[in-house]
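Report on one structure; see the data block that follows.
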Amino acid sequence: MESILPFLTKTFAFDDSSPLLFTQFYFWAFFAIVYLVFSAIHSRRLLRNTFLFFVSLFFYYKTSGLFVLILLFSTVSDFFIAKLIHRSRHEWGRKAWMILSVVVNLSVLSYFKYAYFFTDLVNNLFGASFEIYDVFAAAGNAITGTNRFNVDQIILPVGISFYTFQTISYSVDVYRRRIEPVKNILDFGFYVSFFPQLVAGPIVRASEFVPQLYKPFFLGRRQFGIAVFWILNGLAKKIILSDYLAVNFIDRVFENPMLFSGFENLMALLTYSLQVYADFSGYTDIAIGVAMLMGFYLPQNFNSPYKAQNAANFWKRWHISLSKWLQDYLYIPLGGNRNASFGTFFWITLIAIIGVILSGSWWAAAIVAGITIFIAVWAMLMPAKRLKIITYLNTMVTMLLGGLWHGASWNFMIWGGLNGIGIVVYKMWKGWSPTVRFVMTAAVTALLYAAVRLMPAPVWNVLFVWFAITLTGTLIRWIYGLTRCKYPFEKIGMVWGIFQTFMFVSFTRLFFRSGSNLDPAIANETAWNTAKNMVHQMGSAWNLGVIPDICWEYRRIFTVFLLGMIIHWLPERWKRWYRVNFALLPIPVIALSVVVAVFVIYQFITADLQAFIYFQF
């Protein structure tokens, strides 16, 4: 009995130092028990859904403790509000209930995610000295009669952004009459909390998932093999690529960039792009595989994003469920490519205010306001191009708000803004002739060269080298255009586009990674210093003689990085071929493959299992 009690306590009590992760043995023991019970009841639909709902609540409790109450609140409130939306006879009533759902969900999300930001806002505007006070923790202390919960710090519940977006989309889709409200709260709770995708996505639309709640369980021989493949694929991505690269190289450089050479800083930035992809898509792969074993299908969330030839295509391949959510519930309501709405200018104004607060300078707001006025005048003076200009404006707003979704800090705004600029520049680039492209690129390159000579700074060096490389490719295209010869290097041009997009996306990640996993109170300053120091090292003079030694010292890291990128760039038909052929292997061979794969994967495991990066969002 003395040995059983501690075991039961460890099993059922929340331990914030040991959450249930896909990479832990405890999760797979948990899933084995769940699957055993599921196998006995899968034919009884309501019992199955109810069981998985409560299992998912337990999973979330083991991951986030009493924050499970927030999940329950969101589930109950949106279930009943959607009923009221559906029953309302008047349009104004339907809209009012829908707005209430959005306000309630965003208020809860904002409290946990943006409390530090709003506190800084009030303090900076009014010269106050308010400090964070967690009212939920205070309530918990009052109820329990203890000081168990810390009221001086607000902790972000794992996965709150994902399930909040999920419930908002449900209410909005009921309002738009795209779906009927779910009749049973247990079924709805299962939809909101389904544990494989609960804490890091993909964001599942009710229209895609709710119909599956009522279908009988089916797991064919091929589906079983595919599910096992996705699980192994996700584990390999997470442990071999993400964790191994992070612990042995990336984290060290980002923590002390000034101790490493410019080449090492550049390689850390590039390998981080692979790390964050392997980490996030690895989670998605496992979630898809686990859900498929139970007869449920989650949407694709990644489509080889580093095959993208431009920034716009990248965001159609990366975190697809979030990109589509932002398109349907933000970009299109703003006006999309049709017009600029009140929301467009409201958000621009708000972003300008946020820029002032986060940067501590009125210049940030002046720049945003100046750009906005310039675009507005441009649209008025050029009615033929007004729709394109409006599209650019709404695209920028969407990407800036997408950056703020990741966190209310200056680095995430810069990251979102840079991605927005990348998309807008590409859309403009498509409409330019080869001559205009060459002239514009040459002009920017010349300005940067002048900056290098007149105002020497590492950042100008980095930008000049980048535009000089871009100018080379543009010049070749322009010459072929002048001679009217057929361009003979289409495949090389495709590779060139992929290379440029990968480099651009990687450099925007400088700001994304610098501010991740930081205390919100110090995120801005720390992130900015890290980004500045890395740019300083990359833009300073390189000692080319030491690069071979660096490559040899990090040969295992760079080999894993190179192999990871090669696999990523393989043609999709090849990947589909080995995925399907694995699924069709005899069951004993699949079982043996699982044993061998798990053995190989866990040779790369680090001393401390790394949480998935997107848990923090």
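The values are calculated or read from the model by the stated rules, or taken from the named source; none is laboratory data. Just so it is clear, the structure is predicted and the values come from calculations on it, not from any experiment. Neighbour counts are summed over all protein chains in view; Cβ atoms, including those assigned to glycine, are modelled from backbone coordinates with ideal geometry. Just the protein is used for accessible areas: all its heavy atoms, side chains included, with ligands, DNA and RNA removed. Shrake-Rupley method; radii C 1.70, N 1.55, O 1.52, S 1.80 Å.
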Among 85-96, 170-181, how do they line up by average Cβ neighbours within 10 Å per residue, starting with the highest? 170-181, 85-96
Charges only on Cβ, +1 for Lys and Arg, -1 for Asp and Glu: so what's the dipole of the chain about the Cα centre, in debye to the nearest 20? 2820 debye
For a protection proxy built on the mean count of beta-carbon atoms within 10 angstrom, sort 445-451, 530-536 highest first, please. 530-536, 445-451
Taking the Cα centre of region 153-209 as origin, work out the dipole magnitude from +1 charges on Lys and Arg Cβ and -1 charges on Asp and Glu Cβ, in debye rounded to 20. 160 debye
Beyond 18 Å (Cα-Cα) in this structure, taken from 307/575; 237/575; 238/307; 385/427, we find 238/307
Nearest-ten-degree value, helix 160-175 long axis tilted from longest Cα axis of the chain: 80 degrees
Between helix 91-126 and the chain: long-axis angle, C-alpha atoms, 0 to 90°, nearest 10: 60 degrees
Suppose each label sits 7 Å from its Cα in the direction of the beta carbon; what would the residue 563-residue 526 distance come out to in nanometres? 3.3 nm
Nearest 10 degrees, 0 to 90: what angle lies between the long axis of helix 342-359 and the longest principal axis of the chain (Cα atoms)? 80 degrees
Suppose the chain between residue 440 and residue 480 were pulled fully straight at 0.36 nm per residue; how much longer would it get relative to their current alpha carbon spacing? 12.7 nm
Report which label in (1) 41.7; (2) 27.9; (3) 33.6 holds the value of mean projected area of the Cα convex hull in nm² derived from the coordinates of this structure. (3)
Can you work out the FRET efficiency for the pair residue 329 and residue 107, with r the C-beta to C-beta distance and R0 = 25 Å, to the nearest 0.05? 0.90
Output the relative contact order of region 378-458, whole-number percent, from Cα pairs under 8 angstrom with separation of 6+ residues. 19 percent
Which order, highest average first, do 494-506, 240-252 follow once you tally other Cβ atoms within 10 Å for each residue and take the mean per peptide? 240-252, 494-506
By how many nm would the segment from residue 141 to residue 577 lengthen if fully extended, with 0.36 nm per residue of separation less the alpha-carbon distance? 151.3 nm
Could you tell me what percent of the accessible area of the chain is made up of carbon and sulfur, with a 1.4 Å probe and every protein chain present? 69 percent
Which lysines does residue 113 reach when only Cα atoms under 24 Å apart count, and residues fewer than 8 places away in its own chain are ignored? 62, 324
Full extension between residue 39 and residue 466 adds, at 0.36 nm per residue less the Cα distance, a length in nm of 148.1 nm
So if we plug the beta-carbon distance of residue 589 and residue 178 into 1/(1 + (r/R0)^6) with R0 = 45 Å, what FRET efficiency do we get, rounded to 0.05? 0.55
Probe 1.4 Å, protein heavy atoms only - accessible area per residue of region 51-150 in square angstrom: 56 Å²
Find the relative contact order for region 218-353 and round it to a whole percent, using C-alpha pairs within less than 8 Å whose residues are 6+ positions apart. 24 percent
